[in-house]
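See below for the structure under consideration.
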Amino acid sequence: MQKPSDQWKKLRRASLERARRNMIEPLEVVHLALLGASALYLAGFLRLNLFGKTGEFSLASGAFVLLVAAAGLLVPVLTGSAFTLHFTDRRLGKLLRE
(Lines give C-alpha, C1' and ligand atoms only; values in the text may rest on other atoms or scores of the structure.)
Protein backbone atom coordinates (compact mmCIF):
# COMPACT_ATOMS: atom_id res chain seq x y z
CA MET A 1 0.00 0.00 0.00
CA GLN A 2 1.33 3.43 -0.93
CA LYS A 3 1.82 6.23 1.56
CA PRO A 4 -0.52 9.20 1.24
CA SER A 5 0.83 12.11 -0.74
CA ASP A 6 1.61 15.49 0.79
CA GLN A 7 -1.30 17.04 -1.10
CA TRP A 8 -3.68 14.44 0.40
CA LYS A 9 -2.36 15.15 3.90
CA LYS A 10 -2.84 18.90 3.45
CA LEU A 11 -6.36 18.40 2.08
CA ARG A 12 -7.27 16.08 4.97
CA ARG A 13 -5.92 18.52 7.55
CA ALA A 14 -7.72 21.48 5.95
CA SER A 15 -11.03 19.60 5.89
CA LEU A 16 -10.68 18.53 9.54
CA GLU A 17 -9.84 22.11 10.60
CA ARG A 18 -12.83 23.41 8.66
CA ALA A 19 -15.08 20.81 10.26
CA ARG A 20 -13.86 21.90 13.69
CA ARG A 21 -14.42 25.58 12.89
CA ASN A 22 -17.90 24.96 11.50
CA MET A 23 -19.15 22.37 13.99
CA ILE A 24 -17.33 22.66 17.31
CA GLU A 25 -16.50 26.34 17.81
CA PRO A 26 -20.07 27.69 17.33
CA LEU A 27 -21.38 25.20 19.89
CA GLU A 28 -18.85 26.03 22.62
CA VAL A 29 -21.48 28.31 24.17
CA VAL A 30 -23.10 25.08 25.42
CA HIS A 31 -20.37 24.86 28.08
CA LEU A 32 -21.20 28.34 29.36
CA ALA A 33 -24.92 27.57 29.35
CA LEU A 34 -24.27 24.40 31.36
CA LEU A 35 -22.16 26.36 33.84
CA GLY A 36 -24.86 29.00 34.25
CA ALA A 37 -27.70 26.49 34.62
CA SER A 38 -25.70 24.44 37.13
CA ALA A 39 -24.83 27.52 39.19
CA LEU A 40 -28.44 28.71 39.22
CA TYR A 41 -29.71 25.26 40.17
CA LEU A 42 -27.15 24.95 42.96
CA ALA A 43 -27.96 28.44 44.26
CA GLY A 44 -31.66 27.62 44.31
CA PHE A 45 -31.07 24.29 45.97
CA LEU A 46 -28.94 25.85 48.70
CA ARG A 47 -31.37 28.72 49.24
CA LEU A 48 -34.35 26.43 49.58
CA ASN A 49 -32.55 23.97 51.86
CA LEU A 50 -30.58 26.34 54.06
CA PHE A 51 -33.00 29.21 54.48
CA GLY A 52 -36.13 27.10 54.45
CA LYS A 53 -39.53 28.61 54.08
CA THR A 54 -39.94 32.31 54.17
CA GLY A 55 -43.02 33.68 55.85
CA GLU A 56 -44.45 35.31 52.77
CA PHE A 57 -44.76 34.28 49.18
CA SER A 58 -43.92 37.07 46.76
CA LEU A 59 -43.76 37.40 43.04
CA ALA A 60 -39.95 37.51 43.16
CA SER A 61 -39.69 34.26 45.12
CA GLY A 62 -42.13 32.60 42.74
CA ALA A 63 -40.09 33.72 39.75
CA PHE A 64 -36.93 32.42 41.45
CA VAL A 65 -38.52 29.02 42.04
CA LEU A 66 -39.58 28.85 38.38
CA LEU A 67 -36.06 29.81 37.23
CA VAL A 68 -34.52 27.14 39.45
CA ALA A 69 -36.97 24.55 38.12
CA ALA A 70 -36.13 25.49 34.52
CA ALA A 71 -32.42 25.27 35.31
CA GLY A 72 -33.00 21.86 36.86
CA LEU A 73 -34.63 20.68 33.65
CA LEU A 74 -31.85 22.12 31.50
CA VAL A 75 -28.94 20.60 33.43
CA PRO A 76 -29.35 16.98 32.17
CA VAL A 77 -29.98 18.08 28.59
CA LEU A 78 -27.01 20.42 28.52
CA THR A 79 -24.80 17.84 30.23
CA GLY A 80 -25.42 15.34 27.45
CA SER A 81 -24.80 18.00 24.83
CA ALA A 82 -21.60 19.16 26.51
CA PHE A 83 -20.27 15.59 26.78
CA THR A 84 -21.03 14.94 23.11
CA LEU A 85 -19.33 18.19 22.13
CA HIS A 86 -16.30 17.42 24.29
CA PHE A 87 -15.78 13.91 22.92
CA THR A 88 -16.29 15.08 19.34
CA ASP A 89 -13.72 17.82 19.86
CA ARG A 90 -11.25 15.32 21.34
CA ARG A 91 -11.78 12.96 18.39
CA LEU A 92 -11.22 15.72 15.84
CA GLY A 93 -8.13 16.87 17.73
CA LYS A 94 -6.79 13.32 17.68
CA LEU A 95 -7.38 13.08 13.95
CA LEU A 96 -5.65 16.43 13.42
CA ARG A 97 -2.56 15.29 15.33
CA GLU A 98 -2.16 12.17 13.17
(message) With a cap of 14 neighbouring Cβ atoms within 10 Å, and only residues DSSP puts in a loop, list the trypsin sites (Lys or Arg not before Pro) found in region 14-98.
(response) 53
(request) Could you please state, rounded to a whole Å, how far the C-alpha centre of region 67-82 is from the C-alpha centre of region 24-46? (result) 8
(message) Taking loop as defined by DSSP and a crowding limit of 11 other beta carbons within 10 Å, which chymotrypsin sites (Phe, Trp or Tyr not before Pro) in region 29-98 fit?
(response) 51, 57
(message) Net charge within 11 Å of residue 89 by Cβ-Cβ distance, Lys/Arg positive one each and Asp/Glu negative one each, not counting residue 89 itself?
(response) +2
(request) With label points built 7 Å along Cα→Cβ from the Cα atoms of residue 6 and residue 32, find their separation and express it in nm. (result) 4.1
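Please report the relative contact order for the chain, taking Cα pairs under 8 Å with a sequence separation of at least 6, and give it as a percent rounded to a whole number.
Normalised by residue count, the contact order of the chain is 47 percent.
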(message) Need one value: the accessible area of residue 67 in square angstrom, 1.4 angstrom probe, rounded to the nearest 10.
(response) 100
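Subtract the Cα-Cα distance of residue 13 and residue 25 from 0.36 nm times their separation in residues, and report this length gain in nm to one decimal. Mind showing how you got there, number by number?
Details: separation 12, 0.36 × 12 = 4.32 nm, distance 1.67 nm.
Once the chain is fully extended between residue 13 and residue 25, it gains 2.7 nm.
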(message) Largest first, please: the extent of the C-alpha atoms of the chain along each principal axis, to the nearest Å.
(response) 78, 19, 13
(message) Can you tell me the orientation of helix 59-97 relative to the chain, as the angle in degrees between its alpha-carbon axis and the longest Cα principal axis, to the nearest 10?
(response) 10
(request) Please report, as a whole percent, how much of the solvent-accessible surface of the chain comes from carbon and sulfur atoms (probe radius 1.4 Å). (result) 66
(request) Using the charge dipole of the chain (Lys, Arg: +1 at Cβ; Asp, Glu: -1 at Cβ; taken about the Cα centre), state which of 34, 64, 22 has its Cα farthest towards the positive end. (result) 22
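Probe of 1.4 angstrom, ligands and nucleic acids ignored: what's the accessible area per residue over the chain, in square angstrom? Don't jump to the answer; show the numbers that get you there.
Numbers: 7990 Å² over 98 residues.
Per-residue accessible area for the chain comes out at 82 Å².
The values are calculated or read from the model by the stated rules, or taken from the named source; none is laboratory data. On a predicted model such as this, the values are computed, not experimentally measured, just so you know. We place every Cβ from the backbone using ideal geometry, glycine too, and count neighbours over all the protein chains shown. Heavy atoms of the whole protein, side chains included, go into the accessibility calculation; ligands, DNA and RNA do not. Shrake-Rupley method; radii C 1.70, N 1.55, O 1.52, S 1.80 Å.
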